[in-house]
Structure formats: C-alpha cells, structure tokens
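The values are calculated or read from the model by the stated rules, or taken from the named source; none is laboratory data. Being a predicted model, the structure only gives us computed values, none of them experimental. Backbone-built Cβ (ideal geometry, glycine too); neighbour counts: all protein chains shown.
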Amino acid sequence: MTDSSVNLDIAGKTLTLQTGSLAKQATSSVLARLGDTMVLATVVAGKERPDLGYFPLTVDYIERLYAGGKIKGSRWVKREGRPSDESILTARLIDRSIRPLFSKDYKKEVQVIVTLLSVDGENEPDILSVIAVSAALSLSNIPWNGPVGALRVGYIKENDNGSASCIINPPTAELVLSELDMVVTQTKEKTLMLEAGASQVTEEVILKSIECAHAENKKIIELLEKWAREIGQKKDTITPNTSLAQLKARIEKSYKTDITSLIKSRLMKESNQGGEQENVIDQIFSDENLADEGVDRKLVAEAVEQVFFKAIRENILKEGKRPDGRMTDEIRQISSSVSVLPRTHGSAIFQRGDTQALTVVTLGSPRLEQLIESAGGEEAKRYIHHYSMPPYSVGETGRMFGPSRREIGHGALAERAIMAVIPKQEQFPYTIRVVSEILSSNGSTSMAATCGSTLALMDAGVPIIKPVAGIAMGMVSNEKKQIILTDILGLEDFSGDMDFKVAGTDSGITAIQLDVKIAGITILQIKETLEKAKAGRLFILEKMLSVLPQSRREVSQFAPKIEVVHVPIEKIGEIIGPGGRVIRNIIAETGASVDVEDDGSVTVSGTEEEAVAKAVTWIQSLIREVQAGEEFEGEVKRILPFGAFVEILPGKEGMVHVSQMATGFVKDPNEVVKLGQKVKVRVAEIDQQGRINLSMVDKANLLPRDDRPRHFSPPQEQGQPHPLTMQFRRESAGWRSRNGRPGSRPPRRGFRPSR
C-alpha cells in the first residue's frame, strides 16, 4: 500500500493517520496519533471458513508498558502477561464498534490487532484505537459497511445555575470533573455503540451528548471516506449462499408448526443448545433427504436458527406477541431477598423471571484496595465488582477457566453502574469487593447483578448515596415499523436488533451500554428507549426497596471495624518510631492493623471494636501536645538510679528526677516508687529536645515517715543560698586564708599540703 497520511483537527488537537510504512505484510495497517498517544492497528483477512455458522472476527488490544516508559513492577517477571481487564474492555469496545457493519455472508477469518505504542496520559488510546481500526478496514479489501467515527464525550456544569456544556475528548484533568464519561461510535446517520458511566445525569443530558458527538464524528467519517477513495484497495465481492436461502424457504413453508413449538421449548433457556432444536434439525435433514443433495447438517442448523429468529421477530412486529406472552413494556416477575448468607458482610439474591443473581459484599481495610499497573501509571481501586457466569447457569456443561471476556465486560458494567453512589473514603473508609454469582441466566444478567449489588451493599451497611437498578431494552424493526421491548429475554436478545442496558437511580442515569446487530439506531429510537427504560428502572427500584428500604445503620459484626485518624505530617515519625518500633508495638499490644499514609491519614482496622479504640487512643496520645502544668495519673515503666519514667499517655513517657520525687533527699528511687505503680504527676517542663520532665504530686505523702533520711538540712530562708552552700563557702574561705592560695579547693580530711 502506498505511503500516505491525513490530518484532522478534533477539539483543538490534531488527529494523524498514516499507512504504508509499518506492518506491510498485513492486509491493512494504520498508525494513528492524537497528542503523544499512538497506536498501530493491523487487519488481516485469513482463509475462508464456510463451516462456521457465525462471522469469525477476533479483536485483540495489546498494551505494552514501554508505551508509558514503565517496567513491570514484579520482581521476577518483567514481560507483560495475560491481558489486563482494561485491555480486554478496550478490545470489546472496538469489536462492538465494527462487528455490526460486516456482512453475515462474509466467511473469511478476520483478525484485528491494536498495539499501544505511546501514551501521554491526556489522550485516551481506546478512542484512537477505534478510529485507527475504522481507517484500516476502510483502506483494506475486506467488505465492510464503514467507516465509523468514535469520540469520548464529557459533560461539565459551568456554573451554579445549572448551565452545562459538552466536551469532546476531554483530557484526563477535565474528565475527573465531568458528570459523564461516554464513548460514542457512529456512522453518518446512526449510532452503533455507547459505553457510559455517569453521576446520575438525566436522559436529556445523554441525548444532547450523543448529538454533540455525532457532529464531530461526521468529520472523521468524511475524512476516512475521502482517504479510502484515494488509496483504498478494491473490496472483495461477497457471493450470497443460495443454498442457505433455498433451505430457509423450504423450512418456512413446511415446518412452521415445528418452529412454533421450538420457540415455546426455548423459553426456559438462554442457551442455543437444546435437545428439542436438535430433534427438529434431524427431522428436517431426514425428511427432506438433504444428505442425498449433498447438504451439510451444519447448514441445516444455521437455516433453522435463522428461521427460528425470523419467526420471533414477525410475531412481535405483526401480532405484538412476545415469546413469553408479555406486553412490550411489561417486566417479568421480580423477587429479592437479603442476608441470605450467615457469615458474609452482606448478601442478596435478585431474581427477574428466570434470571437469578447471588451477590455478596466483602469489606476490608483501605490497604486492600486494588493497584492497577498500566502504561499510563498506577491506579488504585477501592470499589471492585467481579462477575461470574458458570456453565450451569444456562443448563450446559463446560470447563471452568479464568473469567471470560464476557464476564469481565459484564462485571465492569455493573461496577460502573454502582460507582456513582459509593460513598467517599472519608465517609466510609473501606475497600469494597462485590461478587455476583449468576445462578440462572435468561436475559440481562449484568443488570440483575447491578440490582443485586445495590441490595447486598445496603445489607452490608454501606451508606450508598441512592439505590441503583438496571434494565435491558431491546428492539425489533423492519423498513416500516419498530417496537421497543422492555426487559428482554435471551431469545429477544439473540433475535432482536439491539441490547440497550440502562442503569441508574430515581434521579438519573449512572451507566449505559448499547450493542446493536443492525447498522445502528437513530436519535429518536434512543430517545424512546431511554424514556421506557426510566419507567422500567423506577418500577424495579420500587420492588427492591420493598425488601430493604435503606442501608443498615451498622456494618456486619463479621466485618472489620475501621477508623481513620488524621495526624500532622510532621508527627508521622512519632507514630512509626525508630525502625518502626512504635507502630509495631501498637499492633502487637492492641491486635489492630495500622496503616500510615504519606498525607497523614492513619487507618486503624480490626475485628474487635475494643482493639480499634485502644489503638486509636494510643495514636491520638502520640500526637497530643502535652502542656506544662498538666496533671496525669501514670504508670511507672522504668526505674533508673537518677529517677523513674512514667507513662502519662499511651506510648508517651516523661521522667521524674529523684529531686522531684519527695520534699526530702531520695537516695534510691526504688524506695519511693515501684514498677507498675500508679502515681500522680505534674508536667514541670518540656525541654528544648521535646523531653517531658515531671514532678510528683503530693511528694511528702509518697515517702513513708520511717524511711526518711536521719539528717535534714535546716530550713532555708527565701532568697538565701542553701545552708550547705554557706558552710562550704565558709570552710573554703578559712582554708584559703591559712594557705594564702585563694581559688584552691579545700583539703580533704587527712591531707596535708606540702611546705
């Protein structure tokens, strides 16, 4: 392919696309740059796979840490391992943005690989990746009904009056302040994909943001169309499978009753596999003598599946009849329960129709937050949602590996839906992990996980801002008519045109995810869907709150107790102590865990309230400023020849000198105090080195009368030198007058000076 590049200004930043210089053996490749963020998108068309009943498209997103100048933090492994959750989510976002525009008759394997080469921390690579893949597909010979444009949209209130504005591709600093983080992929006329997290925004805000994105996405699409006309490869032709079309016509004509009964039998299962469907396929294969015609059994299965889905669509469009007999806006029966597990911190079961989710909440200390290492740097997460959907949930057998891409995506959606209502760490200083176990699946398990998460969090005593519910909307349409479906079944998801998930509170939307199977939906269709989703969301919320109207006032007795103490930064050293001696002593003595942050936040956690309270009191005493004149009742901790050390506060000691122990002479401190004795002391002074000097209160009463020294100094008049000092001066003066050498010390007893 010829070396070529194009540029486009997007929201004040230059988008650069270049081809022909890198990865020349790929079917097509594009190097994309926005700011200092760069990605390489490659597309390869492989061999024909007519044996597959689906379009064989795979999308991978490769994140290299060198893109951000990072080396893996592990001591032993420096190479990147399995894809991170963020990489998988980005790959899914790309896949959902391009898959609907491929023809179902195209059977060649297509592999898309996007490699992150450079990241600047301001321009997100996910948006750039979608644009780069769109460009690579447009320039290739692969039949594709693109191009598409993709943008991120933010929404920030400009003033207190409520006026706000859309922001296209907001930088990271502005995105933190935004009430909306939405990725929008669009064609010239319609919207293909939405992925959004929001802070309870209204439906009007969502619609306005989509319209803002469409105006900018059209510029990207026009650029790619022009570029493809100039240097793009000629597209391969697709030959429709006439055998499949003829077989579908024969099945529709002769096996209508069998297809109708098949719909009824499939109502209870989301899985495509079932004995009834296999029986229908076997019957058709044998009755029509298809083996003699050289027709493969897989082709019969594909034809039955397409006729099956077509029948479901026609029943809805022509008769308004859904597979399970519901009205188009009717929600399946809902039931919920909380505190279903005795030893967990919070648990709930949410069931809607045949979809059932068990959600469990675990609370931990802030030090258990998840650290995510990426090319953009490290990020900490204190709210984590994991989603698991084992094979038995759809009545199948299967091997259990790690989480699939679908499980990671559904968990991320449920996490995003709840994130907006999680209290700040200052209000609720816990790390929160939520796990949703899908016990039965028949439509919208991610929204069931969202509803179950709300109930489980409330059961755990998490003071969420507002409860969140979610619902999945679908659509069936033809050239003349469209019908929006509320709370779709698995069958309606497979046979319908879209899967539009909306989650939120009674005040607004917190998360959106849109996938389509057609070439996009219009803004009017999005508006109608959001309106009906709001009605369904409020209905589900009412059912949920009838079980548990608000969060429990206290966390579970099995959850750790956590308190946060804010200390001056200059006092952190006193809490840690030399070599960590003080903090280790606090942990050993109290049994609580203590974590000190650089900003002065000290988190104390433990399973017992008494242990936490004791550790908190200890820490507060360490940072307390003791004033001269204060009195304490302390415990004697150490006795030395010159005095005793008394603990006046937990972890804080002062010294009582022997001269401050009694009104008379004290030869040995052990004669006055004993180890472990409680004594009353007064703070005499705080010296320049911060040491606390103490004096005994009621000194005369501490020393028993029989133990007083036999010789006492005569009383000393105020303002006069001590009597012993006066005696020493007199003796020194007499000695000097006799020897004539003033300034010398008086002779010792028995000493005669030389003549």
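Mind listing whichever residues of the range 325-364 are buried (at least 19 other Cβ atoms within 10 Å of the Cβ), assigned to a strand (DSSP E or B) and not polar (S, T, N, Q)? Scanning the range 325-364 gives 334, 338, 346, 348, 349, 350, 352, 357, 358, 360, 361, 363. Among the residues of the range 48-71, those identified as out of contact with any strand residue (DSSP E or B) (no Cβ under 7 Å at 6 or more places or on another chain) and surrounded by fewer than 19 Cβ atoms within 10 Å (Cβ to Cβ) are 50, 51, 52, 53, 54, 55, 66, 69, 70, 71. The requirement of being more than 26 Å from residue 200 (Cβ to Cβ) and of a type outside the set (Lys, Arg) is fulfilled somewhere in the range 503-519, by at least one residue.
Filtering 470, 474, 496 for residues that are under 13 Å from residue 544 (Cα atoms) and not assigned by TED's automatic domain parsing to the domain that holds residue 54 leaves a single hit, 470.
Residue 503 satisfies every condition listed in (1) of a type in the set (Gly, Ala, Ser); (2) under 21 Å from residue 414 (Cβ atoms); (3) part of a loop (DSSP other than H, G, I, E, B) except (3).
Each residue in the range 76-118 was checked for being farther than 30 Å from residue 521 by Cα and modelled with pLDDT under 95, and 9 pass.
Within the range 45-76, the set of residues being assigned to a loop (DSSP other than H, G, I, E, B) and over 30 Å from residue 105 (Cα atoms) comprises 64, 69, 70, 71, 72, 73, 74, 75, 76.
A count restricted to the range 534-564 and to residues that are of a type outside the set (Asp, Glu) and not in a loop (DSSP other than H, G, I, E, B) stands at 14.
Filtering the range 141-155 for residues that are in contact with a Lys or Arg (Cβ under 7 Å, 6 or more places away or on another chain), surrounded by fewer than 20 Cβ atoms within 10 Å (Cβ to Cβ) and of a type outside the set (Phe, Trp, Tyr) leaves a non-empty set. Counting only residues that are assigned to a loop (DSSP other than H, G, I, E, B) and charged (D, E, K, R), which one in the range 506-533 is farthest from residue 211 (Cα to Cα)? Residue satisfying both the conditions and the ranking: 506. Of the helices (runs of 4 or more DSSP H) lying entirely inside the range 155-264, the ones with 2 or more residues being of a type in the set (Val, Ile, Thr) and in the same structural domain as residue 137 (by TED's automatic domain parsing) are found at 203-231. One residue alone among 399, 367 is of a type in the set (Lys, Arg), farther than 24 Å from residue 499 by Cβ and in contact with an Asp or Glu (Cβ under 8 Å, 6 or more places away or on another chain), and that residue is 367. Somewhere in the range 302-319, is a residue polar (S, T, N, Q) and under 28 Å from residue 533 (Cβ atoms)? There is at least one residue in the range 302-319 that is polar (S, T, N, Q) and under 28 Å from residue 533 (Cβ atoms). Here the condition is being in a loop (DSSP other than H, G, I, E, B) and among the polar types (S, T, N, Q); of 103, 29, it holds for 103 alone.
The listed residues are 367, 313, 322, and the only one of them that is buried (at least 17 other Cβ atoms within 10 Å of the Cβ), of a type outside the set (A, V, I, L, M, F, W, C) and part of a helix (DSSP H, G or I) turns out to be 313. Given the criteria surrounded by 17 or more Cβ atoms within 10 Å (Cβ to Cβ), in contact (Cβ under 8 Å) with a residue 60 or more places away in the chain, assigned to a strand (DSSP E or B) and assigned by TED's automatic domain parsing to the domain that holds residue 18, does residue 116 qualify? So residue 116 fits the description; yes. The one condition from (1) exposed (fewer than 14 other Cβ atoms within 10 Å of the Cβ); (2) more than 28 Å from residue 566 (Cα to Cα) that residue 643 does not meet is (1).
Within the range 650-701, the set of residues being out of contact with any helix residue (DSSP H, G or I) (no Cβ under 7 Å at 6 or more places or on another chain) and of a type in the set (Ser, Thr, Tyr) comprises just one member, 659. Note on the range 373-388: residues that are modelled with pLDDT under 95 and either touching a strand residue (DSSP E or B) at 6+ places or on another chain (Cβ under 9 Å) or surrounded by fewer than 18 Cβ atoms within 10 Å (Cβ to Cβ) (or both) amount to 9. Among the residues of the range 34-47, is any surrounded by fewer than 13 Cβ atoms within 10 Å (Cβ to Cβ) and under 30 Å from residue 402 (Cα atoms)? Yes, the conditions are met somewhere in the range 34-47. If you go through the range 565-623 and keep only what is loosely packed, with under 14 Cβ neighbours inside 10 Å, in contact (Cβ under 8 Å) with a residue 40 or more places away in the chain and not in a helix (DSSP H, G or I), you end up with 568, 608. Output the qualifying pairs, or none if there are none: Cβ atoms under 7 angstrom, residues six or more apart or on different chains, first residue in the range 54-80 and over 19 Å from residue 119 (Cα atoms) and in the same structural domain as residue 93 (by TED's automatic domain parsing), second residue among the aromatic types (Phe, Trp, Tyr) and not in a strand (DSSP E or B). Pairs that qualify, where the first residue is over 19 Å from residue 119 (Cα atoms) and in the same structural domain as residue 93 (by TED's automatic domain parsing) and the partner is among the aromatic types (Phe, Trp, Tyr) and not in a strand (DSSP E or B), are 55/102; 55/106; 57/102.
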